[in-house]
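Below is one structure, written out as structure tokens; the observations come after it.
The values are calculated or read from the model by the stated rules, or taken from the named source; none is laboratory data. Not measured: the values here are computed from a predicted model. Using ideal geometry, Cβ is built from the backbone for each residue, glycine included, and neighbour counts are taken over all protein chains shown.
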Amino acid sequence: MADATTDFFQALASRGPHPELENAKGTLRFDLKDTGKRTARWLVALENGSVTVSRRNANADCIVRADKAVFDRVASGEQNAMAAFLRGAIEVDGDQALLLPFQRLFPAPSRSTR
Amino acid sequence: MSDGLVQILDGNTFVVSDSRGDIEASSTDPTGLFSFDTRFLSTWILTVNGERLNPLSVDDLQYFETRFFLVPGTGTVYVDAKLSVIRERAVGDGFHEELTILSHDEEPVELTVRVEAASDFADLFEVKDALEKKGRYSARVEKRKLLLGYERDTYRRLTTISASAAAEVDEEGLTFTVRIKPHGEWTTDLDVVTATGVGGRYVRPKYERGQKGARPKMGRSLERWLQDAPRLESDSDSLKATYRRSLIDLAALRFSPPVAGRGSSLPAAGLPWFMTMFGRDSILTSLQALPFTPELAATTLLALGDWQGSRTDDFRDEDPGRILHEMRYGELTAFEERPHSPYYGAADATPLYVVLLDEYERWSGDRRLVRELEREARAALNWIDEYADLQGNGYISYQRRNEQTGLENQCWKDSWDSISYRDGRIPGFPRATCELQGYAYDAKIRGARLAREIWKDSAYADQLERQAADLKRRFNRDFWVEDGEYFALALDNEGKQVDALTSNNGHLLWSGIVDKSKAKAVARHLLGPRLFSGWGVRTLAEGEGRYNPIGYHVGTVWPFDTSFIAWGLRRYGFKQEAAVLAGGILDAAELFEGRLPEAFGGYERGVTKYPVQYPTACSPQAWSTGAPLLLMRTMLGLEPLGDHLVVDPSLPESVGLLALLDIPGRWGRVDAFARGRAQLEEPAGRRARVRRRLA
């Protein structure tokens with residue numbers, strides 16, 4: 001069944017170049033735990049504005065850990081990523097600076113008007 | 001310091017205590033140990049044999065360390081000083097306190113020393129607004145450490161307290177049973193460590209016992225910071241003192257944004273409550289400090305670029321390309337009860353971002369950064385036309401979309417009554433304040449230069465210049481108040497002039513949007529009796545409906561405001577007028593012992609003889625600290641021209657000699673000299689000379 005997280009990463013992979021990430025280079029791994037304690041992993045590589053996404057379990061420069069339910073909300077724009085990070089709902093290890101350009105990719109809240 | 005409170009800080013970690021070194025906070029009392037906008041310690045009380053101590057003296061060693069000299073007993077006329085107590089405290093990730101008790105007794109003494117500790121984990125916003133907490137507190141003893149915790153869902157904050165000497169630790173503090181030989185001493189270290197996040201990672205304090213070179217985490221030590229800044233020579237001792245104070249305060253205000261992870265620092269807005277990234281304050285302070293510490297500008301540009309808006313989010317007043325207003329890290333932000341993660345509700349920071357990028361390159365020659373930030377600069381320029389023109393009339397306007405916790409006035413005069421008509425009425429929203437249009441004009445002109453010279457996009461440069469010329473033409477028609485010969489404060493939601501006379505006119509000169517034919521009338525107002533108090537330029541002119549010499553943005557003088565006005569006067573060739581303003585503010589600085597407050601009363605100088613400080617909790621404040629620096633630039637008439645620095649001085653009466661040595665920039669290091677009118681009868685062109693040296 002499709003879900004917000006899968007939709008987000010799949011759209012990311014198919015969208016073509018991301019000029020807003022031109023200056024970012026490195027890998028991020030998202031470890032997302034579901035209620036059954038299973039962990040789904042997404043590996044994202046950023047280089048010169050190109051984004052590649054895979055499900056490989058490999059080491060990464062920046063590792064992001066969260067409950068899948070939390071990440072679903074972030075990936076759909078319902079939850080702000082920085083606020084979730086400050087709350088401890090998202091944990092970040094390694095090169096935190098990589099998450100800054102990446103967070104630009106999260107969608108806007110649907111209730112916003114302009 | 002105000003109210004006998006002692007502040008020390010390192011980045012956004014700071015301690016505010018009383019003059020004994022004790023902390024006794026209530027929900028609304030602003031003392032404590034704060035870090036990341038959270039209070040980690042709200043009680044920290046030292047007693048000896050159950051008695052509080054009495055302060056003899058406090059030494060502010062540096063902005064990050066303090067020493068308290070204390071004796072037992074309070075409130076008595078005669079102090080029986082058989083004991084002396086010294087607390088030496090340095091801020092790190094929490095703080096490190098060295099507690100020493102000296103006995104002056106000929107007999108051995110036995111003492112019970114107790115430190116009481118507790119934390120309310122208040123968000124800075126809660127300290128200001130007295131809000132209720134929603135989470136759970138804990139206090140437990142583990143391996144001779146006291147752990148104070150706070151938990152709300154996944155949000156966790158932890159304070160760990162430990163001592164080097166043997167102590168009985170309970171949930172409310174530490175007790176030491178101390179025996180001291182005749183004329184002997186006893187000592188212990190106390191470590192208070194703050195931790196955030198799940199599980200609360202344990203962080204060692206940065207300052208260890210006996211460590212001589214304890215330094216804040218800012219990349220460079222204070223001495224190095226002072227050495228690297230240009231040297232000032234002057235016959236004015238007060239100017240020298242003000243300059244040194246400004247450099248030290250600017251060092252204290254440096255802030256390394258967490259998460260950004262760039263490892264370098266930018267100017268935070270003010271100490272202690274505004275030790276965070278602010279778009280407007282960080283940009284304007286970086287501009288003021290460019291001839292002195294250009295690296296602040298580079299970090300500001302990078303960090304604000306990292307956080308540039310990328311989506312439409314009403315709660316945060318975020319748009320694509322918009323530069324943030326304020327970032328916060330506390331509980332209310334974490335739970336989205338406040339929008340500061342970050343909040344974007346400023347209408348001026350985005351055009352000013354482009355202004356800073358261009359001005360930085362003119363000084364530093366750092367084309368690499370201009371290329372690296374091309375996308376951010378273009379997005380900022382795009383924001384002006386695509387997102388800021390709320391009324392479709394070709395002007396930047398603002399109106400908050402977050403009606404609960406957003407900011408009403410998104411310009412630097414952000415209090416509720418700051419924008420008014422002559423008769424005191426307050427306009428509706430959206431509001432298009434005049435300085436925003438000036439900044440937009442300047443951003444387009446400067447953006448065009450960057451596009452042409454560095455991004456090699458002449459079509460874009462032409463387009464920006466056409467837009468700028470059109471904006472200037474319309475602005476000089478629509479904002480000009482004919483019967484008063486000045487620019488209106490704003491256009492209201494019907495496009496009508498909000499016609500009060502304000503200091504904003506000076507910012508218009510700085511931006512270059514003012515038609516040459518109108519500049520003289522504007523300058524006359526700025527130096528005239530309704531706006532100029534003798535110390536500086538009033539925010540709102542005397543005689544306007546809402547004028548109040550101690551109204552926050554409706555009559556007080558803001559030193560930073562006057563410093564940019566002096567820059568504006570220089571831009572239009574009013575050298576002596578700029579020098580008069582510089583003289584007024586520097587005279588005021590002398591009376592404030594070199595540290596200019598955020599604002600002071602707009603009373604006529606001849607009446608009060610002394611600038612009356614506006615009551616405010618924040619000092620030093622970044623852009624007040626930067627004001628004397630910018631005024632030194634305007635007095636010397638420093639202006640980069642290609643790879644050279646032009647010097648064209650004009651000094652106020654009170655300064656006879658001004659020499660600034662080793663000014664850093666694309667020229668390497670150069671010196672600038674100026675002599676005042678009183679001392680020298682030389683043709684103007686010969687008063688200045690630039691000595692070039694190999695860098």
### Query
Within the range B:298-326, can you find the residues that are more than 8 Å from chain A (Cβ to nearest Cβ) and assigned to a helix (DSSP H, G or I)?
B:ALA298, B:THR299, B:THR300, B:LEU301, B:LEU302, B:ALA303, B:LEU304, B:GLY305
### Query
Looking only at the range B:327-338, which residues are within 9 Å of chain A (Cβ to nearest Cβ) and either among the acidic types (Asp, Glu) or farther than 15 Å from B:SER282 by Cβ (or both)?
B:TYR329, B:GLY330, B:GLU331, B:THR333, B:ALA334, B:PHE335, B:GLU336
### Task
Run A:PHE71 past the list (1) more than 8 Å from chain B (Cβ to nearest Cβ); (2) in a loop (DSSP other than H, G, I, E, B); (3) of a type outside the set (Val, Ile, Thr) and report the number of the one that doesn't hold.
(2)
### Task
Being over 15 Å from B:GLY279 (Cβ atoms) and either β-branched (Val, Ile, Thr) or crowded, with 20+ Cβ neighbours inside 10 Å (or both) is the filter here, so list the residues in the range B:379-388 that pass it.
B:LEU381
### Summary
Among the residues of the range B:623-650, the number that are modelled with pLDDT under 95 and either under 24 Å from the mean Cα position of the chain (by Cα) or buried (at least 24 other Cβ atoms within 10 Å of the Cβ) (or both) is 0
### Task
Determine, yes or no, whether B:GLY392 is surrounded by fewer than 18 Cβ atoms within 10 Å (Cβ to Cβ), over 26 Å from the mean Cα position of the chain (by Cα), small (Gly, Ala, Ser) and within 14 Å of another protein chain (Cβ to nearest Cβ).
yes
### Some residue of the range A:89-97 being farther than 30 Å from B:ARG401 by Cα and either aliphatic (A, V, I, L, M) or away from every other protein chain (no Cβ under 12 Å) (or both)
yes
### Task
Return a yes/no flag: does the range B:352-373 have any residue that is more than 10 Å from chain A (Cβ to nearest Cβ), over 25 Å from A:LEU98 (Cβ atoms), surrounded by 23 or more Cβ atoms within 10 Å (Cβ to Cβ) and more than 25 Å from the chain's Cα centre (by Cα).
no
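Select from the range B:630-669 the residues that are assigned to a helix (DSSP H, G or I) and out of contact with any Leu (no Cβ under 7 Å at 6 or more places or on another chain) and list them in ascending order.
Scanning the range B:630-669 gives B:LEU630, B:ARG633, B:THR634.
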### Query
When the residues of the range B:398-436 are filtered to those that are touching a Pro at 6+ places or on another chain (Cβ under 9 Å) and within 17 Å of B:GLU386 (Cβ to Cβ), which remaining residue is nearest to the other protein chains (Cβ to nearest Cβ)?
B:GLN399
### Search result, residues across the range B:320-366 that are of a type in the set (Asp, Glu) and closer than 21 Å to B:ARG446 by Cβ
B:ASP348, B:ASP358, B:GLU359, B:GLU361, B:ASP366
### Message
Among the residues of the range B:375-394, are any of a type outside the set (S, T, N, Q), without any contact (Cβ under 8 Å) to a residue 60 or more places away in the chain, touching a Phe, Trp or Tyr at 6+ places or on another chain (Cβ under 6 Å) and over 18 Å from B:GLN497 (Cβ atoms)?
### Response
no
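So that you can scan it fast, the table gives a plain yes or no per residue for (1) among the aromatic types (Phe, Trp, Tyr); (2) within 11 Å of the chain's Cα centre (by Cα); (3) modelled with pLDDT under 90:
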residue	(1), (2), (3)
A:PRO17	no, no, yes
A:GLU20	no, no, yes
A:VAL44	no, yes, no
A:VAL53	no, yes, no
A:ASP61	no, no, no
A:LEU86	no, no, no
A:ALA97	no, no, yes
### Message
With part of a loop (DSSP other than H, G, I, E, B), more than 29 Å from B:VAL6 (Cα to Cα) and modelled with pLDDT of 95 or more as the only criterion, which of B:GLY573, B:GLY583, B:GLY568 stands out?
### Response
B:GLY573
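Each row is one residue, and each column tells you yes or no for (1) touching a Phe, Trp or Tyr at 6+ places or on another chain (Cβ under 7 Å); (2) in a loop (DSSP other than H, G, I, E, B); (3) more than 14 Å from chain A (Cβ to nearest Cβ).
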position: B:PHE95; (1), (2), (3): no, no, yes
position: B:ILE101; (1), (2), (3): yes, no, yes
position: B:ALA117; (1), (2), (3): yes, no, yes
position: B:GLU126; (1), (2), (3): no, no, yes
position: B:GLU132; (1), (2), (3): no, yes, yes
position: B:ARG140; (1), (2), (3): no, no, yes
position: B:LEU148; (1), (2), (3): no, no, yes
### Message
Take A:GLY16 and tell me if it is within 30 Å of B:LEU369 (Cβ to Cβ), out of contact with any Cys (no Cβ under 8 Å at 6 or more places or on another chain) and more than 8 Å from chain B (Cβ to nearest Cβ).
### Response
yes
### A:ALA11 being within 14 Å of chain B (Cβ to nearest Cβ) and in a helix (DSSP H, G or I)
no
### Query
Out of all the residues in the range B:314-325, is one or more out of contact with any helix residue (DSSP H, G or I) (no Cβ under 7 Å at 6 or more places or on another chain), surrounded by fewer than 23 Cβ atoms within 10 Å (Cβ to Cβ), closer than 29 Å to B:VAL127 by Cα and modelled with pLDDT of 95 or more?
yes
## Note on the structure
Over the range B:586-629, the set of residues part of a loop (DSSP other than H, G, I, E, B), within 15 Å of B:LEU253 (Cβ to Cβ) and either touching a strand residue (DSSP E or B) at 6+ places or on another chain (Cβ under 6 Å) or free of Cβ contacts under 8 Å to residues at least 12 places away in the same chain (or both) is B:PRO597, B:GLU598, B:CYS618
### Query
From the residues in the range B:165-191 that are touching a residue at least 40 places away in the same chain (Cβ under 8 Å) and not in a strand (DSSP E or B), which one is nearest to the chain's Cα centre (by Cα)?
B:GLU172
